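Trainee: Dumping the structure here so I can ask a few things about it.
Values in this text are rule-based calculations from the coordinates and carry no lab data. This one's a predicted model, so the numbers in the text were calculated from it and none came from an experiment. Using ideal geometry, Cβ is built from the backbone for each residue, glycine included, and neighbour counts are taken over all protein chains shown.
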There are 2 protein chains.
Amino acid sequence: MIKVLVADDHKIFVDGLISLLTLEHNISIVAKAHNGNELIECVKKYDVDVILSDINMPEMDGKDAAGIIIKEYPDIKIIMLSMHNRTAIIKEMEQMGVHGYVLKSCDNAELVDAINTVYLGKRYFSKEVKIVLDNAKVGRNDDEEMLITARELSIIKLLCKGQTSKEIGLNLGLSVFTVDTHRKNLLIKTKCKNVVSLVNYAYKNNIVVLD
Amino acid sequence: MIKVLVADDHKIFVDGLISLLTLEHNISIVAKAHNGNELIECVKKYDVDVILSDINMPEMDGKDAAGIIIKEYPDIKIIMLSMHNRTAIIKEMEQMGVHGYVLKSCDNAELVDAINTVYLGKRYFSKEVKIVLDNAKVGRNDDEEMLITARELSIIKLLCKGQTSKEIGLNLGLSVFTVDTHRKNLLIKTKCKNVVSLVNYAYKNNIVVLD
DNA sequence: TTCTAAATAAGTAGTAATACGCGTTCTTTT
DNA sequence: AAAAGAACGCGTATTACTACTTATTTAGAA
């Protein structure tokens, strides 16, 4: 029996998933969580083999929770469930050491397949996800170690809130010139032409979460 | 038996929901759809009492599909399933004549309750949704018939893509001045202080969908 | 018809943002 | 110790955006 934990902030989604997975003869659901904190708590309390977790959740994010679990419970396999099929997010998850990445648009059979695969110690990425990753490899030119630094991250977050350079400067205790330099570097790094594009980039790549 | 149709672009979500709802003695699932077009097709083919539909779907949006169904099949009850608990979206749905609005973070019992309620001809809005609507009524001053016009909508869409006023003007065959006037009016209407806030507003209120 | 709202266009003025370039300092890696 | 990269600060020039105002045309509602 594979002991599975399901985490997602949408209760009916979790319950639906549980209802589906309990039909499988070799899967048993041991717990459910609706945010990152609950997820961590459940992992402490219960004996878990595989975690199915959403990326975006309130309280604590599924990504952050996954990071903690990977470090402290290296035997637990984690499959991220996501509605987004985007290179940057998938790569981030891959590099974090997550064991699987499955789209919410996948079917039941695929999810069961994913659970069985990661339980055996292998990695599982959806077919559609692989296509995205392969396309990214073909056009390899673009993402050569493009990393957003901590400072840039704090600035991009405030930009997404609609703050101007002046406001960001006041907020972070920086001169407007400095903020502008970071903005400039961000536009170059992300190949965006203006703030709106940058904000979209941040949302699409899950750097910043809308609300 | 209440004949229910479930529509959502996330297959596992639909299957999970079906698995949950078939446990109910008075509910039977007659069809499922993964986009608005399929939804319309299913309504034509099958005899349906209640539709559970997501708002955002590819091909055709759940909102547009609901509009068509309300006009052409006035006997079918529609419950919108949404992850957003925002006044503007909820009010729009209410005005469209949708019979229920339930959050994806609700539990199974509430969803079943909603299905039974709308089947009896009554309306159903989640408790959390009602709280949001009531809060909006208290601070009634703000939303006095705030409607975004068709032209404004086309402009806000292009703004969300990161286009400048000049580009939008070229795109829509308008002078930059005109575009700027619309932008100005949009900022006033939405009480936003700049484009980024406006873009956020559009995303949050489902006026524009991010990718 | 009259009234209203929307869409259109235009202007000035001021502020914010972007495109350049040039630096310093500090830390981390080699 | 040298190199690299991050964070920081400063300029100028140009473009984009926002705040104010005005006004015409058109379509629809009272």
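Trainee: Across region B:26-32, in residue order, what do the Karplus-derived ³J(HN,Hα) couplings come to in whole Hz, using 6.51 cos²θ - 1.76 cosθ + 1.60 with θ = phi - 60° and x for Gly and Pro?
Mentor: My calculation for region B:26-32 gives 9, 10, 10, 8, 9, 6, 9 Hz in order.
Trainee: Would you please give the residues with an amide H less than 5 Å from that of B:Ile51, counting only those at least 5 places away or on a separate chain, with H modeled from the backbone geometry?
Mentor: Answer set, sorted by chain and number: B:Leu5, B:Lys77, B:Ile78, B:Ile79.
Trainee: Only counting other Cβ atoms within 10 Å, I'd like B:Thr178, A:Thr190, A:Thr149 sorted with the fewest neighbours first.
Mentor: Starting with the residue having the fewest Cβ neighbours, the order is A:Thr149, B:Thr178, A:Thr190.
Trainee: Where the label is 7 Å out from Cα toward Cβ, how close does B:Arg86 come to the same position in every other copy, in nm, shortest first?
Mentor: 1.6
Trainee: Something else now. Applying the Karplus parametrisation 6.51 cos²θ - 1.76 cosθ + 1.60 with θ = phi - 60° to the phi angles of region A:170-186, what ³J(HN,Hα) value in whole Hz is obtained for each residue in order, glycine and proline being reported as x?
Mentor: After applying 6.51 cos²θ - 1.76 cosθ + 1.60, I find 4, 4, 9, x, 10, 6, 4, 4, 5, 4, 4, 4, 5, 4, 4, 4, 5 Hz.
Trainee: Another one. Just B:Val50, B:Val112, B:Val14 to compare: in a GNM of chain B, with alpha carbon springs under 10 Å, which one fluctuates most?
Mentor: Result for chain B, Cα springs under 10 Å: B:Val112 fluctuates most.
Trainee: 7 Å along Cα→Cβ for the label point: how many nanometres lie between B:Lys157 and each equivalent label in the other copies, listed shortest first?
Mentor: Taking the point 7 Å beyond Cα along Cα→Cβ, the inter-copy spacings are 3.4 nm.
Trainee: Which residue of chain A is nearest the rotation axis onto chain B, counting by its Cβ, and what is the distance in whole Å?
Mentor: So the closest residue, with its distance, comes out as A:Gly16, 1.
Trainee: With a ≥ b ≥ c the root eigenvalues of the C-alpha gyration tensor of the protein assembly as shown, is it rounded (a/c under 1.5), prolate (a/b larger than b/c) or oblate?
Mentor: Since a/c reaches 1.5 but b/c is at least a/b, the shape of the protein assembly as shown is classed as oblate.
Trainee: Determine, for B:His25, A:His34, B:His99, the number of other Cβ atoms within 10 Å of each Cβ, and report the residues in order from fewest to most.
Mentor: On the way: B:His25 7, A:His34 20, B:His99 24.
Ascending Cβ contact count within 10 Å gives the list B:His25, A:His34, B:His99.
Trainee: May I ask you to report, in nm to one decimal and beginning with the shortest, the distances from A:Ile131 to the same position in the other copies, taking label points 7 Å along Cα-to-Cβ?
Mentor: From this label point to the equivalent ones elsewhere in the assembly: 4.1 nm.
Trainee: Determine the alpha carbon to alpha carbon distance for each of A:Lys44/B:Lys204; A:Lys166/B:Lys127; A:Lys157/B:Lys77; A:Lys204/B:Lys166 and list only those over 30 Å.
Mentor: Flagged as over cut-off: A:Lys44/B:Lys204; A:Lys166/B:Lys127; A:Lys157/B:Lys77.
Trainee: In addition: Give the aspartates and glutamates reachable from B:Lys193 as a straight Cα distance under 18 Å; neighbours fewer than 8 places away on the same chain don't count.
Mentor: A:Glu167, A:Asp211, B:Asp142, B:Asp143, B:Glu152, B:Asp180
Trainee: Magnitude of the Cβ-charge dipole of region B:144-204, K/R +1 and D/E -1, about the Cα centre, nearest 20 debye?
Mentor: Numbers: 10 positive and 5 negative charges, 36 e Å.
So the magnitude is around 180 debye.
Trainee: Now, a different point. Give me B:Ser82, B:Ser105 ranked fewest to most by other Cβ atoms within 10 Å of their Cβ, as a rough exposure proxy.
Mentor: Values: B:Ser82 23, B:Ser105 20.
In increasing order of surrounding Cβ atoms, one gets B:Ser105, B:Ser82.
Trainee: Checking the a/c ratio against 1.5 first, then a/b against b/c, what shape does the Cα gyration tensor give for region A:2-137?
Mentor: Rounded, because the longest to shortest axis ratio a/c is under 1.5.
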